[in-house]
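Engineer: Pasting a structure below so you can have a look.
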Amino acid sequence: MQTVFVLQHLHLLPDGEEDIKLIGVYSSPESALRAVDRLRLMPGFRDLAALVADLGEGPSEGSGFYLDPYTLDVDGWAEGFETR
């Protein structure tokens with residue numbers, strides 16, 4: 001099975017809204033981390049440049065970069081959902 005690495009950036013806004021940006025999908029963690037290094041120099045990203053391991057860590061209570069592995073051709077959500 002092939003794994004890819006999804007890099008996203010989360011900015012938690014003062015009103016509680018989330019601004020999530022899909023940065024890219026990479027073939028290796030190293031490629032994704034090179035993208036983080038490039039973006040850390042850019043406006044906005046440089047203020048929230050932490051690589052966040054878990055929500056709640058890093059600056060602004062979870063704002064920063066998230067890197068997650070995904071296996072191709074495997075359902076990432078295999079259960080239903082309920083709206084309350």
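Engineer: Can you tell me which of (1) in a strand (DSSP E or B); (2) surrounded by 13 or more Cβ atoms within 10 Å (Cβ to Cβ); (3) modelled with pLDDT of 95 or more is the one L22 doesn't meet?
Structural biologist: Failing condition for L22: (2).
Engineer: State yes or no: is M42 part of a loop (DSSP other than H, G, I, E, B) and at pLDDT below 95? Let's see the steps before the verdict.
Structural biologist: Numbers: part of a loop (DSSP other than H, G, I, E, B): yes; at pLDDT below 95: no.
No; evaluated as a whole, the condition is false for this residue.
The values are calculated or read from the model by the stated rules, or taken from the named source; none is laboratory data. This is a predicted model, so every value here is computed, not measured. So basically every Cβ, Gly included, is an ideal-geometry build from the backbone, and we count neighbours across all protein chains shown.
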